[in-house]
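See structure below.
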Amino acid sequence: MRLTRGSKTIVYAPDVELRDRSVVDRFVAACAGCDLLVCGMPLSETRFVEAVGWGHSSLSVVHDAAVRAGVKRLLGIHFDPLSPDDELERARDAQQRRAPEVPIELAREGSEVWL
């Protein structure tokens, strides 16, 4: 879902499996230039490989698509309850070092987001 108000745009994509090239290309087009991408990225790289057809993606796959789309900020939601917070933070930090142009934030209970 793409929402625009004034000059700000948010894309909300809680369940998206970015595996097929055509799906990734459509996702990148839908997110192009948005101020904030709120996206489900619950799976570790290992679980992403194993979870074909689950409708979910990994942090690195979503972030790579966000970079291609020119997204300004990425907010990850809908995490795997089996993944501890420190594992998610390490994955985020590693991905952020690899591609620093789009900041990655991890949603937390009670957090607020401002554009």
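Points worth noting:
- Count - residues of region 31-55 that are over 13 Å from the mean Cα position of the chain (by Cα), among the aliphatic types (A, V, I, L, M) and closer than 18 Å to LYS72 by Cα: 1
- Every pair of residues 6+ apart whose Cβ atoms lie under 7 Å, when the first sits in region 45-67 and is within 21 Å of GLU101 (Cβ to Cβ) and hydrophobic (A, V, I, L, M, F, W, C) while the second is at pLDDT 80 or above and loosely packed, with under 13 Cβ neighbours inside 10 Å: VAL67/GLU101
- Filter result for VAL102 (assigned to a loop (DSSP other than H, G, I, E, B) and either surrounded by fewer than 17 Cβ atoms within 10 Å (Cβ to Cβ) or within 11 Å of the chain's Cα centre (by Cα) (or both)): yes
- Unmet criterion (only one of (1) over 14 Å from the mean Cα position of the chain (by Cα); (2) in contact (Cβ under 8 Å) with a residue 24 or more places away in the chain) for ASP25: (2)
- Answer residue from region 14-44, given it is part of a helix (DSSP H, G or I) and of a type outside the set (D, E, K, R) and is nearest to SER111 (Cα to Cα) among those: CYS31
- Filter result for the condition that a residue is surrounded by fewer than 16 Cβ atoms within 10 Å (Cβ to Cβ), among the basic types (Lys, Arg), on the phi < 0 side of the Ramachandran plot and part of a loop (DSSP other than H, G, I, E, B), over ARG90, ARG47, ARG97, ARG108: ARG108
- Residues in region 1-30 that are basic (Lys, Arg) and either touching a helix residue (DSSP H, G or I) at 6+ places or on another chain (Cβ under 6 Å) or within 17 Å of LYS72 (Cα to Cα) (or both): ARG2, ARG5, LYS8.
- Identity of the residue in region 57-87, among the hydrophobic types (A, V, I, L, M, F, W, C) and out of contact with any helix residue (DSSP H, G or I) (no Cβ under 8 Å at 6 or more places or on another chain), that ends up surrounded by the most Cβ atoms within 10 Å (Cβ to Cβ): VAL62
The values are calculated or read from the model by the stated rules, or taken from the named source; none is laboratory data. Here the structure is a predicted model, which means the values were calculated and not measured. Because the Cβ atoms are built from the backbone with ideal geometry, glycine has one as well, and the counts that use them run over all protein chains shown.
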